[in-house]
């Protein structure tokens, strides 16, 4: 009996493990392998790491790609700028999403409001970004409306502002939903108790609601921050030429320079510098909860 | 063990059968990967009607995207349309199969002079034929340029955009450039009086310095968005491909929005590029691909495409069928004098490629 239970557990875990190994681990290892090779005019356009010659296995690891990332300040500033843009977008999302989530959680029309939050997800992400182009272009809706009252066209597209708009509208639901789920579960009795003990609403929010909703804040922030850092589509469509972001830099290495090894090194370095610390932070905070 | 052997034998037999069948009769399917907005509306339809081959037609908007897919391999595409200098490098990498010229009787329609230019990239024209060709020049909104620079604006010169004083005056109405370092950097070198085919780091740096002075006035670097923006009046000057500017001009005329677009090959000269039809080495339907290429080289079909996309072709037989308006336009079919000033792109090796692209990033970001 216990044997079946154990085997059953193993089977249940086997499916997602296999899935992750096949579609995450193996592609990751391929990228890692490419990052240690050298570019070549061939198909595929990089050299092989392993050379098998008469029983002698030679492994050539080219660490030059990683060294180059530090040599040229382009990459470091692209990383820093991406982190900055992503952090700012996350904070803006949080500031907008928190009151919305709180309101939805306490509203009698929860289901309808939640529906409205989820609705944009049914439209393609790309399409929503194109809608923003229509909204912000020099002859778009906003500028046409401004023109009616005699205000000149404002250049909004191809600026940082447009990128923040894109990031915030694109990722806002990812912030609202986890916040909503923690706020909705919040025990109303705790707030009543704090009021009974003389806390003003603001005080009750700071001491009761906010600390109890921290898991939602962290989950939402990670959901927004992680995809924002490597974001390529939004800066490419809405951003200006002077924005240095790691997603675009990676694209340039891959497509313009045809340097797959260096592009892979950029990707691996991004993973190491961003995702690994985030995972640690998440675990540390998770333990504390 | 025996079971495995039997299975592998069976698989081998099946594969052999399939291969035999493919040799005898290719399935009537063809996968074409071409640039966006780059074929007449009825070309595919006519090909399907004539041959009974079902065409899957996909589009891209940059050579880089095409090349990356080809380099990764197994794209499933039978006909692709790389630009000359990209073609040359891809031939080196073994991407293409040689054309079987016995299957291309329409080759006799092709212009000998232009095919000879193509041979710079593809010796003996072994792998490709010219699809369309054009120039990288300046498209501009005539009214807005005059409004900002006056009636004597240098519209016949690269100074219109490469002179910082002019660029600054046009910044607020919108300047765009192709996101194509291999075209813009040679243009800047040419404007500076340097050899546009130079691969010297010093020359690239001079071009970079010039472009950095105007980059702050450039709204974006993109290779297809300017068609719409120019037509809508959202931008007023684009360094772009001849035919794309003409598409913008047509769209503006159709929309009757009062926007008037002109295209100029500046007097200093401009880049002549050629897009070519080629068959990847791993194309699943090479027979059909040859049929398609031969079909495109038909005079009437090429004329239809030119009449639609407003790019010059290299097909002598098509010229009588091409609209007079197009053949007489010096922006499309340049005069002999202007033709002499046109230069072609060289193939950069890995080192030059990196220098050029690093300079390009630096220009775009100001860092």
Exercise. Consider residue A:77 against the criteria (1) within 14 Å of another protein chain (Cβ to nearest Cβ); (2) closer than 30 Å to residue B:75 by Cα; (3) in a helix (DSSP H, G or I); (4) out of contact with any strand residue (DSSP E or B) (no Cβ under 9 Å at 6 or more places or on another chain): it satisfies all of them except one. Which criterion is unmet?
Worked result: (2)
Seminar exercise, completed: Of B:185, B:279, the only residue that is under 18 Å from residue B:63 (Cα atoms), away from chain A (no Cβ under 14 Å) and surrounded by 22 or more Cβ atoms within 10 Å (Cβ to Cβ) is B:279
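Which residue out of B:112, B:128, B:116 is closer than 23 Å to residue B:292 by Cα, more than 14 Å from chain A (Cβ to nearest Cβ) and touching a helix residue (DSSP H, G or I) at 6+ places or on another chain (Cβ under 6 Å)?
Values: B:112 fails: touching a helix residue (DSSP H, G or I) at 6+ places or on another chain (Cβ under 6 Å); B:116 fails: touching a helix residue (DSSP H, G or I) at 6+ places or on another chain (Cβ under 6 Å).
The conditions single out B:128.
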Exercise. Only one residue in B:164, B:260, B:208 is more than 12 Å from every other protein chain (Cβ to nearest Cβ), closer than 28 Å to residue B:87 by Cβ and touching a residue at least 40 places away in the same chain (Cβ under 8 Å). Which one?
Worked result: B:208
For this session: Return yes when residue B:145 is more than 14 Å from chain A (Cβ to nearest Cβ), buried (at least 21 other Cβ atoms within 10 Å of the Cβ) and in a helix (DSSP H, G or I) and no when it is not.
Result: yes
For this session: Report those helices (runs of 4 or more DSSP H) wholly inside region A:186-244 carrying at least 2 residues which are touching a residue at least 60 places away in the same chain (Cβ under 8 Å), within 28 Å of the chain's Cα centre (by Cα) and crowded, with 17+ Cβ neighbours inside 10 Å.
Result: A:214-229, A:233-238
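Within region B:167-182, how many residues are assigned to a helix (DSSP H, G or I) and surrounded by fewer than 22 Cβ atoms within 10 Å (Cβ to Cβ)? Talk me through it step by step, then tell me what you get.
Initial filter on region B:167-182 (assigned to a helix (DSSP H, G or I)): B:167-173, B:181-182.
Applying the additional criterion that residues be surrounded by fewer than 22 Cβ atoms within 10 Å (Cβ to Cβ) yields B:167-169, B:171-173.
Residues meeting the conditions: 6.
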Exercise. Taking into account only those residues within region B:235-257 that are crowded, with 24+ Cβ neighbours inside 10 Å and within 11 Å of another protein chain (Cβ to nearest Cβ), which is nearest to residue B:138 (Cα to Cα)?
Worked result: B:236
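Taking residue A:87 as the residue in question, decide whether it is within 14 Å of chain B (Cβ to nearest Cβ) and at pLDDT 85 or above. It would help to see each step written out before you state the result.
Details: within 14 Å of chain B (Cβ to nearest Cβ): no; at pLDDT 85 or above: yes.
Here the answer is no, as residue A:87 does not meet what is asked.
Can you tell which of A:238, A:222 is within 27 Å of residue A:179 (Cβ to Cβ) and within 12 Å of another protein chain (Cβ to nearest Cβ)?
Exactly one of A:238, A:222 is within 27 Å of residue A:179 (Cβ to Cβ) and within 12 Å of another protein chain (Cβ to nearest Cβ), namely A:238.
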For this session: Name, by its number, the condition in (1) within 14 Å of another protein chain (Cβ to nearest Cβ); (2) outside any helix (DSSP H, G or I); (3) modelled with pLDDT of 90 or more that does not hold for residue A:82.
Result: (2)
Seminar exercise, completed: Going through region A:1-47 in order, the residues found to be outside any helix (DSSP H, G or I) and surrounded by 10 or more Cβ atoms within 10 Å (Cβ to Cβ) are A:36, A:37, A:38, A:39, A:40, A:41, A:42, A:43, A:44, A:45, A:46, A:47
Seminar exercise, completed: The number of residues in region B:112-132 that are under 18 Å from the mean Cα position of the chain (by Cα) and assigned to a loop (DSSP other than H, G, I, E, B) is 5
Problem set entry | Residue among A:147, A:134 that alone is within 14 Å of another protein chain (Cβ to nearest Cβ), within 27 Å of the chain's Cα centre (by Cα) and surrounded by fewer than 15 Cβ atoms within 10 Å (Cβ to Cβ) | A:134
For this session: Please identify the pairs in which a residue from region A:3-31 that is at pLDDT 90 or above has its Cβ atom under 7 Å from the Cβ atom of a residue that is part of a helix (DSSP H, G or I) and surrounded by 10 or more Cβ atoms within 10 Å (Cβ to Cβ), counting only partners at least 6 apart or on another chain.
Result: A:31/A:264; A:31/A:267; A:31/A:268
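For residue A:285, are the conditions met, namely being away from chain B (no Cβ under 14 Å), out of contact with any strand residue (DSSP E or B) (no Cβ under 7 Å at 6 or more places or on another chain) and either modelled with pLDDT of 85 or more or within 26 Å of residue B:352 (Cβ to Cβ) (or both)? Walk me through how you get there before you give the answer.
Working: away from chain B (no Cβ under 14 Å): yes; out of contact with any strand residue (DSSP E or B) (no Cβ under 7 Å at 6 or more places or on another chain): yes; either modelled with pLDDT of 85 or more or within 26 Å of residue B:352 (Cβ to Cβ) (or both): no.
The answer is no for residue A:285.
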Exercise. How many residues, within region B:219-234, are within 7 Å of another protein chain (Cβ to nearest Cβ) and closer than 18 Å to residue B:180 by Cβ?
Worked result: 3
For this session: Report the residue count in region A:245-271 for those that are more than 8 Å from chain B (Cβ to nearest Cβ) and either within 18 Å of the chain's Cα centre (by Cα) or on the phi > 0 side of the Ramachandran plot (or both).
Result: 12
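Surrounded by fewer than 13 Cβ atoms within 10 Å (Cβ to Cβ), under 30 Å from residue B:346 (Cβ atoms) and within 14 Å of chain A (Cβ to nearest Cβ): does that describe residue B:92? So that I can check it myself, show each step before the final result.
Details: surrounded by fewer than 13 Cβ atoms within 10 Å (Cβ to Cβ): yes; under 30 Å from residue B:346 (Cβ atoms): yes; within 14 Å of chain A (Cβ to nearest Cβ): yes.
Taking the combined requirement at face value, the residue satisfies it.
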Seminar exercise, completed: Restricting attention to region B:318-367, the residues that are within 14 Å of chain A (Cβ to nearest Cβ) and more than 20 Å from the chain's Cα centre (by Cα) number exactly 15
Problem set entry | Residue under evaluation residue A:62, criteria (1) surrounded by 15 or more Cβ atoms within 10 Å (Cβ to Cβ); (2) part of a helix (DSSP H, G or I), criterion not met | (2)
For this session: From (1) away from chain A (no Cβ under 14 Å); (2) in contact (Cβ under 8 Å) with a residue 60 or more places away in the chain; (3) surrounded by 18 or more Cβ atoms within 10 Å (Cβ to Cβ), pick out the condition that doesn't hold for residue B:82.
Result: (1)
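Picking from B:57, B:38, which residue would you name as being away from every other protein chain (no Cβ under 14 Å), in a loop (DSSP other than H, G, I, E, B) and within 29 Å of residue A:45 (Cβ to Cβ)? Before you say what the answer is, go through the steps one by one.
Details: B:57 fails: in a loop (DSSP other than H, G, I, E, B).
Sole residue among the options that is away from every other protein chain (no Cβ under 14 Å), in a loop (DSSP other than H, G, I, E, B) and within 29 Å of residue A:45 (Cβ to Cβ): B:38.
Just to be sure I understand, how many residues within region A:16-46 are over 22 Å from residue B:95 (Cβ atoms) and within 14 Å of chain B (Cβ to nearest Cβ)?
Total satisfying the criteria: 2.
Can we say residue A:96 is on the phi < 0 side of the Ramachandran plot and either outside any helix (DSSP H, G or I) or surrounded by fewer than 16 Cβ atoms within 10 Å (Cβ to Cβ) (or both)? Working first, answer last.
Details: on the phi < 0 side of the Ramachandran plot: yes; either outside any helix (DSSP H, G or I) or surrounded by fewer than 16 Cβ atoms within 10 Å (Cβ to Cβ) (or both): yes.
Here the answer is yes, as residue A:96 does meet what is asked.
Say we look at region A:148-173 and pick out the residues that are assigned to a helix (DSSP H, G or I) and without any contact (Cβ under 8 Å) to a residue 60 or more places away in the chain; which of these is nearest to residue A:207 (Cα to Cα)?
Going through region A:148-173, the residues assigned to a helix (DSSP H, G or I) turn out to be A:148, A:160-173.
Those left that are additionally without any contact (Cβ under 8 Å) to a residue 60 or more places away in the chain: A:148, A:161, A:169, A:173.
Numbers: A:148: 48, A:161: 34, A:169: 30, A:173: 26 Å.
Ranking the qualifying residues of region A:148-173, first place goes to A:173.
Results for (1) closer than 21 Å to residue B:236 by Cα; (2) out of contact with any strand residue (DSSP E or B) (no Cβ under 9 Å at 6 or more places or on another chain), shown as yes or no for each residue.
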site	(1), (2)
A:109	no, yes
A:114	no, yes
A:128	no, yes
A:133	yes, yes
A:141	yes, yes
A:151	yes, yes
A:157	yes, no
A:172	no, yes
A:179	no, yes
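The values are calculated or read from the model by the stated rules, or taken from the named source; none is laboratory data. This one's a predicted model, so the numbers in the text were calculated from it and none came from an experiment. When we count neighbours, we look across all protein chains shown, and the Cβ atoms used for this are built from the backbone with ideal geometry, even at glycine.
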